[in-house]
């Protein structure tokens with residue numbers, strides 16, 4: 001019992017250290033880039049799991065926020081020649097507006113209806129990215145987006161980009177953890193449990209929904225800005241329904257009421273796409289099959305999780321914990 | 001001076017008048033019961049008093065202030081809390097956390113403070129935790145504090161919901177069928193709980209089908225039938241009121257104390273009334 005408790009407190013630090021020193025061990029640039037993408041996805045999923053896993057609000061349009069952030073950052077740095085950090089902040093601000101827009105239907109719609117509304121929002125934005133050519137560059141998108149820079153230091157090496165992304169993931173996790181473990185987090189989970197009960201308990205239902213939507217959108221938008229900086233170009237083919245569904249899959253497989261679970265799911269599902277890079281000896285045909293059936297694998301994983309571990313990866317972890325507690329009580 | 005003044009409250013659903021020109025007063029320090037056959041409009045009346053339904057007419061004065069037109073949250077903040085016929089607990093939260101949520105009615109350090117884990121936000125959290133512990137002790141269910149609500153037995157769920165309502169710091173507590181689904185022992189414990197709540201300075205209004213419990217605990221009873229108030233008075237008077245007996249108890253023999261010591265129990269076996277609770 002004591003050792004598992006010690007591990008519980010130590011685990012975040014151990015994992016943080018492993019994540020931090022990874023670039024010192026892994027020298028392959030492509031592999032580092034894969035891990036950087038995993039960080040970008042993890043960031044989106046951290047925000048999404050606040051919205052879905054805590055507040056119980058489904059979003060099938062989260063790729064749109066990533067897109068909004070990516071385009072905002074690209075526009076500010078390429079067209080307006082702003083410094084990277086300003087573009088990053090602008091990405092957050094513009095996606096906050098997007099989150100506010102999407103929060104409005106959430107006040108009236110629940111469950112499937114909300115899912116469809118967010119899906120519509122995502123499709124609308126995906127279309128806008130293609131059509132609003134003067135701002136977004138149309139189907140060609142933006143190229144030549146400068147590397148992220150902090151003051152005079154341009155982060156152009158694979159390892160520095162990795163550290164930037166995962167550093168921001170760390171900050172976002174800390175903020176998300178604080179929010180979820182204090183009053184707002186209880187309000188979100190209350191909302192998830194029973195909206196009537198939440199109202200009767202004096203929870204500011206409207207405020208909680210709007211803030212959670214905005215917060216989740218901002219985090220996704222910042223992830224988009226990072227994506228634009230890491231890749232160097234943005235095109236509308238990236239921010240599609242398929243990406244939104246992937247994010248949702250990560251959040252579902254990761255589990256509700258957990259941040260660690262979705263984080264792990266985001267990393268694992270991202271790595272799945274780059275299986276061949278991770279395991280060098282793997283036959284070409286196998287890695288191709290994995291690529292081709294990626295979405296089927298996601299779907300299968302979701303089905304398995306829903307049937308065998310309805311609380312997701314995070315729930316498996318907690319169940320062991322709770323089991324221990326019951327033993328003590330008896 | 002009455003704590004709650006209900007005046008001419010009317011609520012219609014299409015052609016159906018669910019609550020028809022109902023007026024009554026609730027005085028501080030008392031327990032008042034609202035009874036009536038299924039579909040009499042009790043739950044709907046509760047909803048109109050607590051901001052979950054907007055009445056089509058009438059006025060609800062609480063401590064002299066108008067509640068009609070206020071949202072549920074503002075009614076709670078004004079000092080009028082409620083529970084539900086179908087308990088509305090947050091299943092993923094523990095019993096203690098459920099009660100902590102009730103403190104949110106008066107807390108508001110904000111998202112930003114919590115995001116940054118500022119001292120104000122953590123102090124608020126501590127305060128809520130201590131208050132939740134105190135209330136669970138008051139209700140007598142402190143041993144359940146860490147159990148997820150989903151795993152609680154029905155009787156405890158009711159009590160946790162009462163504790164959560166108390167956490168909002170109400171002067172008036174509205175309980176919608178608190179004894180539904182409870183066994184005899186739990187029912188007796190509920191009576192003691194209600195006395196403790198009243199003695200803690202909270203006035204109570206209950207909607208209840210269990211006549212034995214109603215006759216035991218209430219100082220005054222309002223009887224509704226098809227949306228209208230047909231009688232009001234102390235339990236002894238209500239039991240003898242021919243209008244009530246005709247409309248509701250359906251004959252004099254139900255008044256006699258049965259061997260189980262629960263007079264008029266027959267009423268509680270009726271199915272729960274569906275409308276109004278959602």
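The values are calculated or read from the model by the stated rules, or taken from the named source; none is laboratory data. None of these values were measured; they are calculated from a predicted model. Note that each Cβ is placed from the backbone with ideal geometry, even for glycine, and that neighbours are counted across all protein chains shown.
Structure summary
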quantity: Candidate set from the stretch A:184-204 (those that are under 19 Å from residue B:115 (Cα atoms) and at the interface with chain B (Cβ under 7 Å from one of its Cβ atoms)); member that is surrounded by the most Cβ atoms within 10 Å (Cβ to Cβ); calculated: A:190
quantity: Listing of helices (runs of 4 or more DSSP H) fully contained in the stretch A:223-309 that carry 2 or more residues being buried (at least 17 other Cβ atoms within 10 Å of the Cβ); calculated: A:241-254, A:260-273, A:294-308
quantity: Selection within the stretch A:111-139 - at pLDDT below 90 and surrounded by fewer than 12 Cβ atoms within 10 Å (Cβ to Cβ); calculated: A:111, A:112, A:133, A:134
quantity: Candidate set: the stretch B:94-109, residues that are surrounded by fewer than 22 Cβ atoms within 10 Å (Cβ to Cβ) and facing chain A (nearest Cβ under 8 Å); chosen: the one farthest from residue B:169 (Cα to Cα); calculated: B:109
quantity: Qualifying residue in the stretch B:133-146 (condition: touching a strand residue (DSSP E or B) at 6+ places or on another chain (Cβ under 6 Å), under 24 Å from residue A:315 (Cβ atoms), at the interface with chain A (Cβ under 9 Å from one of its Cβ atoms) and part of a loop (DSSP other than H, G, I, E, B)); calculated: yes
quantity: Identity of the residue in the stretch B:147-169, assigned to a loop (DSSP other than H, G, I, E, B) and within 10 Å of chain A (Cβ to nearest Cβ), that ends up farthest from residue B:198 (Cα to Cα); calculated: B:147
quantity: Residue satisfying all of: in the stretch B:27-80; free of Cβ contacts under 8 Å to residues at least 40 places away in the same chain and crowded, with 24+ Cβ neighbours inside 10 Å; farthest from the other protein chains (Cβ to nearest Cβ) among these; calculated: B:48
quantity: All helices (runs of 4 or more DSSP H) inside the stretch A:11-109 with 1 or more residues being over 25 Å from residue A:123 (Cα atoms); calculated: A:29-49, A:84-106
quantity: Single match in A:216, A:181 (criterion: surrounded by fewer than 21 Cβ atoms within 10 Å (Cβ to Cβ) and either under 30 Å from residue B:72 (Cβ atoms) or more than 9 Å from chain B (Cβ to nearest Cβ) (or both)); calculated: A:181
quantity: Residue B:19 within 12 Å of chain A (Cβ to nearest Cβ) and surrounded by 24 or more Cβ atoms within 10 Å (Cβ to Cβ); calculated: no
quantity: So residue B:91, is it surrounded by fewer than 19 Cβ atoms within 10 Å (Cβ to Cβ), touching a helix residue (DSSP H, G or I) at 6+ places or on another chain (Cβ under 7 Å) and closer than 26 Å to residue B:180 by Cα; calculated: yes
quantity: Wholly enclosed strands (runs of 3 or more DSSP E) of the stretch B:1-86 bearing at least 2 residues farther than 27 Å from residue B:163 by Cβ; calculated: B:4-13, B:16-26, B:57-62
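Rundown of residues vs (1) closer than 21 Å to residue A:102 by Cα; (2) more than 11 Å from chain B (Cβ to nearest Cβ), yes/no style:
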{"residue": "A:168", "(1), (2)": "no, yes"}
{"residue": "A:177", "(1), (2)": "no, no"}
{"residue": "A:223", "(1), (2)": "yes, yes"}
{"residue": "A:228", "(1), (2)": "no, yes"}
